[in-house]
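Below you'll find the structure, written out as structure tokens, and then a few comments.
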């Protein structure tokens with residue numbers, strides 16, 4: 001995709017989706033605040049956590065990494081019944097707004113093209129975290145349920161913040177954080193239109209990409 005095509009796509013997205021009253025920093029702060037409040041509420045509900053119950057954290061992390069991978073490799077890049085809006089938002093809009101040659105946003109108004117809408121966070125919590133947590137509450141223990149929800153919500157926040165970091169300018173203080181260059185490059189390869197449906201589906205840590213053999217190896 002040429003630079004002119006990217007600019008056209010960006011202007012079209014801004015006209016269609018970005019209100020003059022939209023605040024990128026407020027959007028980011030809302031996402032962070034909701035996640036931290038939910039995580040804190042889960043943390044204060046913990047009581048006398050047993051050693052085996054702490055295993056909920058790494059197990060939930062691995063489950064979330066797999067879910068991220070499968071969701072990205074699946075409906076985000078392949079149109080599915082009832083999930084066409086996910087495909088439209090990600091493949092048609094996000095990948096037109098950002099390519100491997102134009103990976104950084106230009107202003108805080110462009111946060112809209114990077115971050116999930118806050119309403120989706122409520123959907124994620126209400127449709128996935130709470131039902132799974134409730135099941136664990138009755139089948140295992142209250143501590144396991146709250147540790148699961150705490151880890152899942154913080155993983156979502158980690159996802160959003162890392163994804164946001166990949167789209168800032170590399171010269172910024174965020175772009176210069178340790179290990180950011182490598183993670184950013186992993187994501188940038190995914191934004192190559194020729195590679196996006198085949199490689200680098202993990203947005204946080206490429207554990208499942210390595211496990212399933214979908215890490216793009218840049219030819220020398």
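Bear in mind these aren't lab numbers, they're just calculated from the coordinates by the rules spelled out. If you're wondering where the values come from, they're calculated on a predicted model, not measured in any experiment. Here the Cβ positions follow ideal geometry from the backbone for every residue, glycine too, while neighbour counts run over all protein chains shown.
Explain nothing, just the number: relative contact order of the chain, from Cα pairs under 8 Å at least 6 residues apart, as a whole percent.
It comes to 29 percent, rounded to a whole number.
Quick one: angle between helix 130-139 and the longest Cα principal axis of the chain, in degrees between 0 and 90, rounded to 10, please.
The helix 130-139 is inclined about 30 degrees to the chain.
Top mean-square fluctuation among 130, 144, 168, Gaussian network model of the chain, C-alpha springs under 10 Å?
Comparing 130, 144, 168 in the GNM, the peak value goes to 130.
Measuring from the lowest to the highest alpha carbon on each principal axis, how far does the range 3-212 reach, largest first, in angstroms?
So the extents along the principal axes, rounded to whole Å, are 58, 41, 40.
Say we join alpha carbon atoms closer than 10 Å with springs in a Gaussian network model of the chain; which of 200, 21, 65 then has the biggest fluctuation?
Of 200, 21, 65, the most mobile in the Gaussian network model is 21.
Using Cβ counts within 10 Å as a stand-in for footprinting exposure, how do 112, 80, 217 rank, fewest first?
Starting with the residue having the fewest Cβ neighbours, the order is 217, 80, 112.
How big is the gap, in Å, between the Cα center of the range 141-220 and the Cα center of the range 41-79?
Result: 15 Å between the Cα centres.
By how many degrees, 0 to 90 and rounded to 10, does the Cα axis of helix 24-44 deviate from the longest principal axis of the chain?
Once rounded, one gets 10 degrees.
Inverting the mean 1/r over all pairs of different Cα atoms, compute the Kirkwood radius of the range 94-220 and quote it in Å.
Computed over Cα pairs of the range 94-220, the Kirkwood hydrodynamic radius comes out at 16.3 Å.
Does anyone have the angle between helix 3-17 and the longest principal axis of the chain? Alpha-carbon axes, 0 to 90°, nearest 10?
50 degrees
Among 173, 54, what is the fewest-to-most ranking by other Cβ atoms within 10 Å?
With the sparsest Cβ surroundings first, the list reads 173, 54.
Could you work out how far apart the two model spin labels at residue 211 and residue 80 are, taking each label as a point 7 Å from the Cα in the direction of the beta carbon, and quote it in nm?
Each label point is offset 7 Å from its Cα along the Cβ direction, giving 1.7 nm.
What's the exposure ranking of 115, 147, 41, going from fewest to most Cβ atoms within 10 Å?
Exposure proxy ranking, most exposed first: 41, 115, 147.
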